[in-house]
Amino acid sequence: MNSTPRTEPARVGTPATRVFGLLAVLFLGWVVVGGLFITPADAIQGDSVRIMYVHVPTAWVAYLAFIVTAIASAGYLFGKRHSLGFDRVAGASAEVGVLFMALTLMSGSLWGRLTWGTFWQWDPRLTTTAFLFVTYLGYLAVRGLGGTPERRAKRSAILALLAVLEIPLVHFSVLLWRSLHQEASVLSSDGDVKLDDLMLFTLLVGVLGFTALYGWLVSHRQRILTMRDIEEAKGIDLAISERIAEGSVR
Amino acid sequence: MDLSPRETNVSPAPRVRKRQWRYVALLLVVAVAGIVVVSQFLTSAIDYYCNVDEIGVKEGCDPDRRIRVQGTVEEGSVKEVLGATMFTLEFNGEKLAVAYEGDPGGIFQECIPVVAHGRLNGDTFEANRIEVRHSNEYVAENSERVEKAEKAGCSMITG
């Protein structure tokens, strides 16, 4: 049941992380240059629309991260081997998701100040997003509460499967309630894409860039978590062997 | 081999316990934050969110209570009077005069949808907070379109 690996990875970089890293640099490089200097300003919002190239991709990637956390958690809970590898992917993905969600909230707040005239409003979209952020902070806290890796994995997997149900509520909050936040422009309910072509291109490149960055961060982080588990397992092995040695001396 | 329990009282990994307490503290902070988020949302929801044409018609949109009113700023209606911003909100053919102390900020302008928080006093809605809504359409800014918008009035902005 316990699949804690006994061989320590030499380093956390892999060919996959290097590909993710390269793609992230390329795509996000375009977002910086294109977003700031090439794409046009919006007819109503002016230059403040450029915040969209960070705000929207980080929100989407945070959703993705939390969905991956849920899938990996289901893999741990319902898999035959109850592999701790799934748990580490779930934990790493949630950590990165929380980071991206924080970026979404901060960039949205700045954008709100420039367009709505206020940094924050307790409106349905903003409130449900803040609640989602707080929920996953709680998930990370629960992961750190101690116990064996199996107990940690089980309790956090159950929480992750419940927490992910908030995502549809966040996404559709602008349709369910009257909201200050605008409806989706790309995945809108009527299927129309309501964006200038170059803005849309830059937005999609931003999504690819932040997704590659997510892949890079999660790959590294889950390997670091693997190494940490190995260290703790080594500590337990050492304690047992010391105890056995003590016992045989008496 | 003697594997009987130890006689000495060895402290079980104080660093691990300290780390656990940190997570317990974080969990408490998260619980408090969750309560704050929900309570603020519910408190804010006390002010009904009404369209201009729903005032005095829809339940909760009574003229004698504090409400949030949504509508579009009528073209040519924005005036500054002694530091106050006066304008007319319209929605579904109904109009409402709004007075706001100060500059609404954001991208407030004619023909844009806004939400005004306040209370009706006679025929004027006295707002103490204005929020500008923007649509989910993003159109490139260019001089040709600005000229057309100036000629066409609100139709270019509101579609």
Amide H neighbours of B:Cys50 at under 5 Å, excluding residues fewer than 5 places away on the same chain, with H built from the backbone geometry, are B:Arg68, B:Val69, B:Gln70
Shielding of A:121-129 by other chains, given as the mean Cβ count within 10 Å, works out to 4
What is the sum of charges, Lys and Arg at +1 and Asp and Glu at -1, for the other residues whose Cβ falls under 15 Å from the Cβ of A:Thr135?
0
Within 10 Å of the Cβ of an average residue in A:11-23, the count of other chain Cβ atoms is 0
Karplus-derived 3J(HN,Hα) from phi for the stretch B:19-28 (6.51 cos²θ - 1.76 cosθ + 1.60, θ = phi - 60°), whole Hz, x at Gly and Pro, runs 5, 4, 4, 4, 6, 5, 4, 4, 4, 5
Peptides A:161-170, A:43-52: what's the order by average Cβ count within 10 Å, highest mean first?
A:43-52, A:161-170
How many nm is it between the label spots at A:Ala245 and B:Glu80, if each spot is 7 Å from the Cα in line with the beta carbon?
8.1 nm
Checked the stretch A:150-242 against the a/c 1.5 cut and the a/b vs b/c comparison, axes a ≥ b ≥ c from its Cα gyration tensor; verdict oblate
CD proxy at 222 nm, helix term only [per DSSP H run n ≥ 4: -39500 (n - 2.57); per residue of chain A; nearest 500]:
-25000 deg cm²/dmol
Largest-first principal axis extents, alpha carbons of chain A, Å:
84, 38, 31
Nitroxide proxy distance, nm - points 7 Å out along Cα→Cβ at B:Gln40 and A:Arg113:
1.5 nm
The stretch A:204-233 and the stretch A:112-178: distance between their alpha carbon centers, rounded to Å:
20 Å
Build a GNM of chain A with springs between Cα atoms under 10 Å: which of A:Gly29, A:Gly146, A:Gly112 gets the top mean-square fluctuation?
A:Gly146
What residues have an amide H closer than 5 Å to that of B:Glu75, excluding those fewer than 5 places away on the same chain, when H is modeled at 1.01 Å from N in the peptide plane?
B:Cys111
Where Rh is the Kirkwood radius over the Cα pairs of the stretch A:1-140, the temperature 25 °C and the viscosity 0.890 mPa s, what D in µm²/s does Stokes-Einstein return?
140 µm²/s
Give the relative contact order (percent, whole number) for the stretch A:12-147; include only Cα pairs under 8 Å separated by 6+ residues.
21 percent
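Values quoted throughout were computed directly from the atomic coordinates according to the rules given, and no laboratory measurement underlies them. The structure displayed is predicted, hence computed values, not measured ones. Positions of Cβ are backbone-derived with ideal geometry, glycine not excepted, and every protein chain shown enters the neighbour counts.
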